[in-house]
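Every number here is computed from the coordinates shown, using simple stated rules; none is lab data. The structure displayed is predicted, hence computed values, not measured ones. Cβ coordinates were reconstructed from backbone atoms using ideal geometry, including for glycine residues, and neighbour counts include every protein chain displayed.
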Amino acid sequence: MTRIDEIQAEPIPAALVAAHASVVSALGGTGFYRAVSQALRDTLDVDRLYLFDGAARTEPLIAETEPDKPVVTGTTYVGQFLPHDPLQAAIDTLRSADVVARVRVAPRDIVVPSYRAMLERAGVVERASFVRRHGRAWRCMTVVRRRPRGPFDTGELDWLGGYFRLVTPMIDRHRQLTGEVAEDRADRIAELEQRFACRFLDLTPRELQVCARAAIGISIEGAALDLGIGTASVLTYRKRAYRRLGVTSAYELARLVMR
């Protein structure tokens, strides 16, 4: 028997639906990342917002703070602070893209004195981060509250988690529409090749190329096509490099150039 029910309650908060709609309307346009930020700020009062995309990319997609406060560059954060941040522990535990980890950090949670002092001087009350796997890399959204505002409440954290889940697949679609994916991949590969070359002087030029592509999540077949060599050669270069570097997986390899 056919049954028609009138839905009395909206399972998704109206503010989240509105935020999602505004971001969808900006897909493929120059104002997409601004729409992502504005939709969040229209609903929640935050002092700082960062959106990182992947372990191989150092500069964030979004980095916003108060007008009178400097933005910590992605290179500085990923290279100097992230290894000592509780967020890194959350990244290390994630194994599935279906899982989102929420990390709430207060200055007292930071064990490195200089890093903790920096947050205290900035008046940070709480920093909430949402992170999930993205291929062999990771994606993270971080929002910050400073004094005199208090920490995030349960409702705000739930909204942020839902927003993060909605926004992350739209980022992929936006990049496909704008061609940003291909350009971004080339930039990431070049950056990683340089990082490997600076930190591991005994790697050969071909091993550097293979390592950079492995760290970014490119398959053996993809690396072979990219470099114009056979898959057997890629495997040989990768095995030699892994042995020299003391790693056994692309994930461990990526971690080497993130510290």
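Rounded, prolate or oblate: pick one for the chain, where a ≥ b ≥ c are the square roots of the eigenvalues of its C-alpha gyration tensor, a/c under 1.5 means rounded, and failing that, prolate if a/b is larger than b/c, else oblate. It is oblate, given that a/c is not under 1.5 and a/b is not larger than b/c. Maximal additional length on extending the Glu66-Leu177 stretch stands at 36.9 nm, based on 0.36 nm per residue less the C-alpha distance. Under 5 Å from the amide H of Ile62 lie the amide H atoms of Leu51, each residue being 5 or more positions distant or on a separate chain, with H modelled from the backbone and absent for Pro and chain starts.
Only loop residues by DSSP count here, and only those with at most 10 other Cβ atoms within 10 Å; note down the trypsin sites (Lys or Arg not before Pro) in segment 82-149 that meet that. Please report the intermediate quantities before stating the final value.
Working: sites: Arg95, Arg102, Arg104, Arg108, Arg116, Arg121, Arg127, Arg132, Arg133, Arg136, Arg139, Arg145, Arg146, Arg149; in loops: Arg95, Arg136, Arg149.
Qualifying residues, ordered by number: Arg95.
Say the dipole of segment 144-202 comes from +1 at the beta carbon of Lys and Arg and -1 at that of Asp and Glu; which of Tyr163, Cys198, Phe152 then lies farthest toward its positive end? The residue sitting farthest along the positive end of the dipole is Phe152. Each helix, a run of at least 4 DSSP H residues, gives -39500 (n - 2.57); summed and divided by the residues of the chain, these come to -15000 deg cm²/dmol at 222 nm.
Here r is the Cβ-Cβ distance between Ser249 and Ala14 and R0 is 45 Å; the resulting FRET efficiency, rounded to 0.05, is 0.55. The local environment of Pro107, defined by Cβ-Cβ distances under 13 Å, has a net charge of +4 under the rule Lys, Arg +1 and Asp, Glu -1. As a proxy for reagent exposure, ranking Asp42, Asp47 by other Cβ atoms within 10 Å from fewest up yields Asp42, Asp47. Distance from the Cα centroid of segment 230-259 to that of segment 119-170 is 32 Å (rounded to whole angstrom). Working note: Karplus 6.51/-1.76/1.60 with θ = phi - 60° gives segment 208-216 the couplings 4, 5, 5, 4, 4, 6, 5, 5, 8 Hz, where Gly and Pro are set to x. Computed from backbone phi, the HN-Hα couplings of segment 227-232 come to 9, x, 10, x, 5, 4 Hz, rounded to whole numbers (Karplus: 6.51 cos²θ - 1.76 cosθ + 1.60, θ = phi - 60°; Gly and Pro given as x). For the chain, the residue among Pro67, Val131, Ser233 whose Cα projects farthest onto the positive side of the dipole built from Cβ charges is Ser233.
Amide H contacts of His134: Arg139, each under 5 Å away and 5 or more positions distant or on a separate chain (H built 1.01 Å from N in the peptide plane; Pro and chain starts excluded).
Going by the alpha-carbon gyration tensor, a ≥ b ≥ c the square roots of its eigenvalues, is segment 114-156 rounded (a/c under 1.5) or, if a/c is not under 1.5, prolate (a/b greater than b/c) versus oblate? Since a/c reaches 1.5 but b/c is at least a/b, the shape of segment 114-156 is classed as oblate.
Model label sites at Ser114 and Ser22, defined 7 Å from Cα along the beta-carbon direction, differ in position by 3.9 nm.
Inter-label distance, Arg34 to Asp92: 4.1 nm, where each label sits 7 Å from its Cα along the C-beta direction. Against the chain, whose longest principal axis comes from its Cα atoms, helix 154-178 is set at around 50 degrees.
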